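Accompanying notes for the structure given below.
FYI, it's all coordinate maths here, none of it is from the lab. Keep in mind that what you see is a predicted model, and the values were worked out from it rather than measured. Glycine gets a Cβ as well: all are built from the backbone with ideal geometry, and neighbour counts include every protein chain shown.
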């Protein structure tokens, strides 16, 4: 029988694999003005929101309570609106590899939010392993992206990390009440009216997108997998928890992201990057195997 801790890590890893394609596929979708960043951010939320409506209706899910709607608004603001829009605009100028440099700090940011919001108290050894993992992830990604300098795109990516970490932590907590797929589904439904308005404005004010089939395929993945199905696994893993440990599985995401960037975007992949990836995964394994005290429920 699989232990709850290992089950949480397994679900979290499945979500990370799904999310690892997000940055390179967003780069493909917005390249050369094929699909505008505004349409990428809002359109994928609309498609995912419509899918969420169908699933919630099919399984006859009861409506969240008043306070739960407020918490779902926090989730939607972070993972449905904030992260997709901010990264879409950042990736119009930043490469997938360079973006992974900044996004690599997301696991550490999520762990901090889990401590602040979820009252989790991981031991010092966890923070040491997580800090080493974040440093290794940034160093690894920097081999691909070059020297890290704060440009406009970096500020957008940093803001995306902050709002996403908040959405991850709050979503992991409320998933314990509503369920994993219900949480992301209700968050998508909550943001659907606003996203429909944005899509309508884009359709009225701009010419139809001149995207290639590959760009529409990338957009479809972002809408169905990155924005919807990937969260089924991710929030289930966070709900099983502890969130601070499960969040460290994301240290493998920059490794996977740059591998996909090499395959899909022809960005160079060298031996130092391979060795750096091994270091990131090793730190992640140490972090997730660290046993902390149970969360303070008080």
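Computed quantities for the displayed model
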item: Gyration tensor verdict on the stretch 1-75 (Cα atoms; rounded if a/c is under 1.5, prolate if a/b is larger than b/c, oblate otherwise); result: oblate
item: Sorted by Cβ neighbour density within 10 Å, fewest at the top, the residues 228, 83; result: 228, 83
item: Surface/4 of the Cα convex hull for the stretch 172-298, nm²; result: 11.1 nm²
item: Segment residue 50-residue 197, extension gain: residue separation times 0.36 nm, minus the distance between their alpha carbons; result: 51.5 nm
item: Value in Å of the Kirkwood radius, where the stretch 47-144 supplies the Cα pairs that are averaged; result: 16.5 Å
item: Estimated distance in nm for a label pair at residue 214 and residue 124, the labels positioned 7 Å out from Cα along Cα-to-Cβ; result: 5.1 nm
item: Solution diffusion estimate, µm²/s, Stokes-Einstein, the stretch 62-116, Kirkwood Rh from C-alpha pairs, 4 °C, viscosity 1.567 mPa s; result: 98 µm²/s
item: Packing-based exposure ordering (other Cβ within 10 Å, fewest first) of 56, 70; result: 70, 56
item: Burial order of peptide ranges 184-193, 249-258 (average beta-carbon count within 10 Å, highest first); result: 249-258, 184-193
item: Cα gyration tensor shape of the stretch 4-289, rounded if a/c is under 1.5, else prolate or oblate by comparing a/b with b/c; result: oblate
item: Ranked 260, 216, 271, criterion: other C-beta atoms within 10 Å, fewest first; result: 271, 216, 260
item: Rg over Rh, two decimals, the stretch 37-82 (C-alpha only, Kirkwood Rh); result: 1.03
